[in-house]
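Chemist: Here's a structure for you.
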Amino acid sequence: MAMGYSEKVMDHFIHPRNVGEMTDADGVGEVGSAQCGDIMKVYLRVENGILTDVKFKTFGCASAIATSSMATELIKGKPLAQALELTNKAVVEALDGLPSVKLHCSVLAEEAVKAAVKDYYDRNGVDYDPALFAETDGEHTHGHSSFVNGV
C-alpha cells in the first residue's frame, strides 16, 4: 500500500474508470479550486431518468482521481435521483478507506456529482429543493503534489 492507500484506491488511480469529457453532456458539474490543487468536473448523459453515461476529468492527487473514478462507477446506470443520494462516505467505503488527510477528496467527488445533477435540472427546468445542493462542509485543505489525469 503506497502512502496508506488501499489497493482499490491505487487501482482507481492507476486505472481510472470513465475518464473523459462529453461535448454533448446533459449535465456538467465542476468543483474545487486551483488554489487548493484539486479540480473535478463530472459529465452526465441522462435518458429517461437514467444515467446512461458518466465521465470525469480531474486535476489533483491520487485520492482526487480515485474518488472521481469511484463516484462515477457508483452512479453510472442508476436513476438520476440515486446520484443525489451519493455520499462522500459511500465513496470512501467503496474504496476501502482513505487516509484522513485525503477525506476532502471524497467530499469534492460528492459535490461534483451533485453539481452535475443540478446543472441537468437547471437545463431541463426541473423543480428541486435548493437544500439538496447545499455544499458539504468539507475542509479543502491540501498540500500535496498534483497529477493530471484525463487531460
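Chemist: Going by C-beta contacts inside 10 Å, put T23, T58 in order with the fewest on the left.
Modeler: Neighbour counts put them in this order, fewest first: T23, T58.
Chemist: List D119, D38 from most exposed to least, where exposure is judged by having the fewest other Cβ atoms within 10 Å.
Modeler: Arranged by neighbour count, lowest to highest, D119, D38 become D119, D38.
Chemist: Here's a follow-up. Order of S68, S6, S106 from fewest to most other C-beta atoms within 10 Å?
Modeler: The fewest-first ordering by Cβ neighbours comes to S6, S106, S68.
Chemist: What are the lysines whose alpha-carbon lies under 19 Å from the alpha-carbon of K89, with same-chain residues fewer than 8 places away excluded?
Modeler: K8, K76, K78, K102, K114
Chemist: So, one more: As an exercise, identify the GluC sites (Glu not before Pro) in the stretch 41-125 lying in DSSP coil whose Cβ has no more than 15 other Cβ atoms within 10 Å.
Modeler: The qualifying sites are E85.
Chemist: Rounded to whole Å and sorted largest first, list the principal axis extents of the Cα atoms in the stretch 2-132.
Modeler: Sorted largest first, the three principal extents are 45, 28, 25 Å.
Since every read-out is calculated from the coordinates, none of them should be taken as a lab result. None of the values given here were measured: they were computed from a predicted structure. Virtual Cβ from ideal backbone geometry, glycine too; neighbours counted across all protein chains shown.
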